[in-house]
Amino acid sequence: MESRGERPQLDAINKKIMVQLQEDGRRSYVSIGKAVGLSEAAVRLRVQKMIDEGLMQIVAVTNPLELGYKKQAMVGITVNGDIEYVARQLRDIRQIDYIVITTGRYDILAELFSEDDESMLEVVNRHIRKIDGIARTELFTYMRLEMQRYDWGVW
């Protein structure tokens, strides 16, 4: 996310609104208002302002495992050349849901979902490793997703 200068601040009420939406993104503004002590209109304005400021977005989160993607892995990628170019190319691979440019042993980390071992091999071998500038990849296959959080910024 790009820096926009002064960082928006979250007050206690906005944090409570976020908690309500993290529990159920379809929760009505009336219901949220009752929980946080505001009118429906006040909640609506606060939610819209937080969205406009880039503090949050309201989206449907899918469960890849329930959609048939039984294999997950983190791919460590070492790049020779333009790291940002490689990261942009990785965006086009639909089985990748997460890409970060990092420091240390790898230049890029990408999270990959696939139906099975064969399809994971195909994505890595025929798509990821074909990108110009990728020197090396290392796969960290997930045995089990132990925990995933979506409540950032409210505790």
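The values are calculated or read from the model by the stated rules, or taken from the named source; none is laboratory data. Computed from a prediction, not measured in an experiment: that's the story for all the values here. Cβ: placed from backbone, ideal geometry, glycine included. Neighbour counts: every protein chain shown.
When D116, D107, D132, D151 are checked against the criterion of being touching a residue at least 60 places away in the same chain (Cβ under 8 Å) and either farther than 16 Å from Q72 by Cβ or more than 15 Å from the chain's Cα centre (by Cα) (or both), a single residue qualifies: D151. Residues in segment 67-101 that are closer than 16 Å to G133 by Cα and of a type in the set (S, T, Y): T78, Y85. Within segment 118-152, the set of residues being charged (D, E, K, R) and modelled with pLDDT under 95 comprises R144, E146, R149, D151.
On the given criteria, is E111 at pLDDT below 95, charged (D, E, K, R) and under 30 Å from Q20 (Cβ atoms)? No; evaluated as a whole, the condition is false for this residue.
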